[in-house]
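The values are calculated or read from the model by the stated rules, or taken from the named source; none is laboratory data. Note that this is a predicted model, so its numbers are computed, not measured. FYI the Cβ positions are ideal-geometry reconstructions off the backbone, even for glycines, and counts take in every protein chain you see. For the accessible areas, the whole protein counts, side chains as well, though only heavy atoms, and no ligand, DNA or RNA atoms are used. Shrake-Rupley method; radii C 1.70, N 1.55, O 1.52, S 1.80 Å.
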Amino acid sequence: QVQLVQSGGGLVQPGGSLRLSCAASGSDFSAGVMGWYRQAPGKQRELVATISSGGRTNYADSVKDRFTISRDNAKNTVDLQMNSLKPEDTAVYYCYAPKLFTVYWGPGTQVTVSS
């Protein structure tokens, strides 16, 4: 059974940092893309960042130069380092890992940026 287990997140003041982690189990995702999406209240889920098996990264314009995605293929993990956080980054963040014809999602982690 495939599981994506997330950790990290929480409440932080504007300008602060947080790190999200996602560990996949039940299948080997090392050869595929992994990434993060987020969904703010009243908005659609949007792409935050992705990383290929070879380390090529892609970021939403709104998080470029502030967020960094990384992965450990041997451990089946993907992390998101979030710096210079803004109130508009407040959302539930979801780890995701597509494989073949299925997309697997983590349960979501709340990130709140507020003073």
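Taking the conditions exactly as written (under 27 Å from G15 (Cβ atoms), in a strand (DSSP E or B), in contact with a strand residue (DSSP E or B) (Cβ under 9 Å, 6 or more places away or on another chain) and open to solvent by 60 Å² or more (accessible area, probe 1.4 Å)), does Q110 satisfy them or not?
yes
Could you say whether any residue in region 64-85 is open to solvent by 60 Å² or more (accessible area, probe 1.4 Å), touching a residue at least 24 places away in the same chain (Cβ under 8 Å) and farther than 15 Å from Q13 by Cα?
yes
I'm trying to understand the selection: among the residues of region 52-102, which are under 14 Å from A31 (Cα atoms) and assigned to a loop (DSSP other than H, G, I, E, B)?
Correct list: S52, S53, G54, G55, R56, N73, A74, K75, N76, L100.
Looking at A60, A24, A31 in this structure, which one is in contact with a strand residue (DSSP E or B) (Cβ under 9 Å, 6 or more places away or on another chain), under 30 Å from S114 (Cβ atoms) and small (G, A, S)?
Result: A60 is the single residue among A60, A24, A31 that is in contact with a strand residue (DSSP E or B) (Cβ under 9 Å, 6 or more places away or on another chain), under 30 Å from S114 (Cβ atoms) and small (G, A, S).
Among the residues of region 86-102, count how many are farther than 25 Å from G15 by Cβ and among the aromatic types (F, W, Y).
So the answer is 2.
Does region 23-33 contain at least one residue that is under 17 Å from P87 (Cα atoms) and surrounded by 14 or more Cβ atoms within 10 Å (Cβ to Cβ)?
Taking every residue of region 23-33 in turn, none turns out to be under 17 Å from P87 (Cα atoms) and surrounded by 14 or more Cβ atoms within 10 Å (Cβ to Cβ).
Within region 8-18, restricting attention to residues that are assigned to a strand (DSSP E or B) and surrounded by 14 or more Cβ atoms within 10 Å (Cβ to Cβ), which residue is farthest from the chain's Cα centre (by Cα)?
Looking at residues that are assigned to a strand (DSSP E or B) and surrounded by 14 or more Cβ atoms within 10 Å (Cβ to Cβ), I get V12.
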